[in-house]
Amino acid sequence: MEQDCIFCQIAAKNSPASIVFENENLIVFKDINPHAPVHLLIVPKKHIRSVNDITPEDSAIVSEMIFTGKEMAKQTGVNESGYNLLFNVERGGGQVIFHLHLHMLGGWKR
Ligand code: AMP
Ligand code: ZN
(Lines give C-alpha, C1' and ligand atoms only; values in the text may rest on other atoms or scores of the structure.)
(Ligands and ions follow the chains in the order given, each with its own letter.)
Protein backbone atom coordinates (compact mmCIF):
# COMPACT_ATOMS: atom_id res chain seq x y z
CA MET A 1 0.00 0.00 0.00
CA GLU A 2 1.21 3.48 -0.92
CA GLN A 3 0.54 5.95 1.90
CA ASP A 4 0.00 8.92 -0.39
CA CYS A 5 -2.22 7.07 -2.89
CA ILE A 6 -5.92 7.95 -2.56
CA PHE A 7 -7.12 4.65 -4.05
CA CYS A 8 -4.89 2.64 -1.66
CA GLN A 9 -6.40 4.73 1.15
CA ILE A 10 -9.95 3.96 -0.06
CA ALA A 11 -9.14 0.23 -0.35
CA ALA A 12 -7.79 0.32 3.23
CA LYS A 13 -10.95 2.16 4.42
CA ASN A 14 -8.85 5.08 5.57
CA SER A 15 -10.63 7.37 3.13
CA PRO A 16 -14.38 7.45 2.40
CA ALA A 17 -15.97 6.30 -0.85
CA SER A 18 -19.35 5.14 -2.04
CA ILE A 19 -18.45 1.46 -2.28
CA VAL A 20 -20.75 -0.73 -4.37
CA PHE A 21 -18.77 -3.99 -4.42
CA GLU A 22 -15.69 -5.44 -2.79
CA ASN A 23 -13.88 -8.77 -2.63
CA GLU A 24 -10.38 -9.83 -1.59
CA ASN A 25 -8.83 -8.62 -4.85
CA LEU A 26 -10.66 -5.45 -5.83
CA ILE A 27 -13.01 -2.69 -4.80
CA VAL A 28 -15.66 -0.85 -6.83
CA PHE A 29 -16.89 2.62 -5.91
CA LYS A 30 -18.75 5.53 -7.48
CA ASP A 31 -16.66 8.15 -9.24
CA ILE A 32 -16.76 11.35 -7.18
CA ASN A 33 -17.09 13.46 -10.36
CA PRO A 34 -19.27 11.33 -12.64
CA HIS A 35 -19.07 11.73 -16.39
CA ALA A 36 -22.15 9.58 -17.02
CA PRO A 37 -25.39 8.72 -15.18
CA VAL A 38 -23.58 5.58 -13.96
CA HIS A 39 -19.83 6.00 -13.43
CA LEU A 40 -18.00 3.39 -11.37
CA LEU A 41 -14.31 2.76 -10.81
CA ILE A 42 -13.06 -0.83 -10.61
CA VAL A 43 -9.84 -0.78 -8.62
CA PRO A 44 -7.43 -3.60 -7.70
CA LYS A 45 -6.40 -3.58 -4.04
CA LYS A 46 -2.79 -4.09 -5.18
CA HIS A 47 -1.09 -0.81 -6.04
CA ILE A 48 -0.18 -0.85 -9.74
CA ARG A 49 0.61 2.56 -11.28
CA SER A 50 -0.96 2.18 -14.74
CA VAL A 51 -1.57 -0.22 -17.62
CA ASN A 52 2.08 0.40 -18.54
CA ASP A 53 3.10 -1.38 -15.34
CA ILE A 54 1.00 -4.54 -15.57
CA THR A 55 2.98 -7.78 -15.92
CA PRO A 56 1.96 -11.37 -16.72
CA GLU A 57 1.64 -11.83 -12.94
CA ASP A 58 -1.26 -9.37 -13.04
CA SER A 59 -3.21 -11.31 -15.70
CA ALA A 60 -5.74 -12.66 -13.22
CA ILE A 61 -6.55 -9.31 -11.62
CA VAL A 62 -6.79 -7.47 -14.95
CA SER A 63 -9.15 -10.15 -16.21
CA GLU A 64 -11.18 -9.95 -13.00
CA MET A 65 -11.47 -6.17 -13.40
CA ILE A 66 -13.05 -6.59 -16.85
CA PHE A 67 -15.41 -9.33 -15.71
CA THR A 68 -16.39 -7.17 -12.72
CA GLY A 69 -17.05 -4.25 -15.07
CA LYS A 70 -19.42 -6.46 -17.04
CA GLU A 71 -21.13 -7.61 -13.86
CA MET A 72 -21.47 -4.04 -12.52
CA ALA A 73 -23.05 -3.00 -15.82
CA LYS A 74 -25.62 -5.74 -15.37
CA GLN A 75 -26.26 -4.86 -11.73
CA THR A 76 -26.74 -1.17 -12.48
CA GLY A 77 -28.99 -1.95 -15.44
CA VAL A 78 -26.89 -0.35 -18.17
CA ASN A 79 -25.72 -3.57 -19.82
CA GLU A 80 -28.39 -3.68 -22.51
CA SER A 81 -28.32 0.03 -23.39
CA GLY A 82 -24.53 -0.12 -23.41
CA TYR A 83 -21.48 1.24 -21.63
CA ASN A 84 -17.80 2.08 -21.83
CA LEU A 85 -14.99 0.22 -20.09
CA LEU A 86 -12.05 2.61 -20.13
CA PHE A 87 -8.44 2.72 -19.00
CA ASN A 88 -6.74 6.12 -19.13
CA VAL A 89 -2.99 5.52 -19.37
CA GLU A 90 -0.48 8.09 -18.04
CA ARG A 91 -0.85 11.85 -18.27
CA GLY A 92 -1.22 12.07 -22.05
CA GLY A 93 -3.98 9.48 -21.84
CA GLY A 94 -5.87 11.48 -19.24
CA GLN A 95 -4.80 9.53 -16.16
CA VAL A 96 -4.73 11.70 -13.02
CA ILE A 97 -4.82 9.01 -10.30
CA PHE A 98 -1.78 6.80 -10.64
CA HIS A 99 -3.31 3.63 -9.22
CA LEU A 100 -4.73 1.32 -11.89
CA HIS A 101 -8.49 1.63 -12.37
CA LEU A 102 -11.10 0.69 -14.95
CA HIS A 103 -13.90 3.19 -15.57
CA MET A 104 -17.40 1.81 -16.21
CA LEU A 105 -19.64 4.50 -17.71
CA GLY A 106 -23.19 4.14 -18.94
CA GLY A 107 -26.83 4.95 -18.56
CA TRP A 108 -27.17 7.66 -21.19
CA LYS A 109 -30.50 8.06 -22.92
CA ARG A 110 -29.64 7.73 -26.62
P1 AMP B 1 -8.31 9.00 -14.33
O2 AMP B 1 -8.41 10.29 -15.08
O3 AMP B 1 -8.52 7.80 -15.22
O4 AMP B 1 -7.08 8.91 -13.48
O5 AMP B 1 -9.58 8.98 -13.39
C6 AMP B 1 -9.55 9.25 -12.02
C7 AMP B 1 -10.97 9.33 -11.58
O8 AMP B 1 -11.01 9.22 -10.17
C9 AMP B 1 -11.68 10.66 -11.93
O10 AMP B 1 -12.81 10.37 -12.74
C11 AMP B 1 -12.03 11.24 -10.58
O12 AMP B 1 -13.29 11.90 -10.59
C13 AMP B 1 -12.05 10.03 -9.68
N14 AMP B 1 -11.74 10.28 -8.28
C15 AMP B 1 -10.71 11.00 -7.76
N16 AMP B 1 -10.72 10.96 -6.42
C17 AMP B 1 -11.79 10.19 -6.07
C18 AMP B 1 -12.34 9.78 -4.82
N19 AMP B 1 -11.81 10.14 -3.65
N20 AMP B 1 -13.44 8.99 -4.84
C21 AMP B 1 -14.00 8.62 -6.01
N22 AMP B 1 -13.52 8.98 -7.22
C23 AMP B 1 -12.43 9.76 -7.25
ZN1 ZN C 1 -2.45 2.91 -4.74
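Just want to confirm a number: the relative contact order over the chain, from Cα pairs under 8 angstrom separated by 6+ residues, in percent. List each step's numbers first, then the result.
Values: 169 pairs, mean separation 33.2, N = 110.
This gives 30 percent for the chain.
Among rounded, prolate and oblate, which fits the range 1-106 when a ≥ b ≥ c are the square roots of the eigenvalues of its C-alpha gyration tensor, a/c under 1.5 means rounded, and a/b larger than b/c means prolate? Note, shape of the range 1-106 comes out rounded.
The long axis of helix 59-75 is offset from the longest Cα principal axis of the chain by roughly 30 degrees.
The 1.4 Å probe gives accessible areas that order Ile97, Ile19, largest first, as Ile19, Ile97.
Overall, the accessible surface of the chain at a probe of 1.4 angstrom is composed of carbon and sulfur to the extent of 51 percent. For the range 6-106, the per residue solvent-accessible surface stands at 54 Å², with DNA, RNA and ligands left out and a 1.4 Å probe.
Give me the net charge of Val62's neighbourhood, meaning all other residues with Cβ under 12 Å from the Cβ of Val62; Lys, Arg count +1, Asp, Glu -1.
Residues close to Val62 contribute a combined charge of -3.
Is the C-alpha gyration tensor of the range 40-98 telling us rounded, prolate or oblate? Criteria: a/c under 1.5 is rounded; beyond that, a/b larger than b/c is prolate, otherwise oblate. Here the range 40-98 falls in the oblate category.
The values are calculated or read from the model by the stated rules, or taken from the named source; none is laboratory data. Keep in mind that what you see is a predicted model, and the values were worked out from it rather than measured. Cβ atoms come from the backbone with ideal geometry, glycine included; neighbour counts cover every protein chain shown. The protein model used for the area step is the full one, side chains on, heavy atoms only, and it has no ligands, DNA or RNA in it. Shrake-Rupley method; radii C 1.70, N 1.55, O 1.52, S 1.80 Å.
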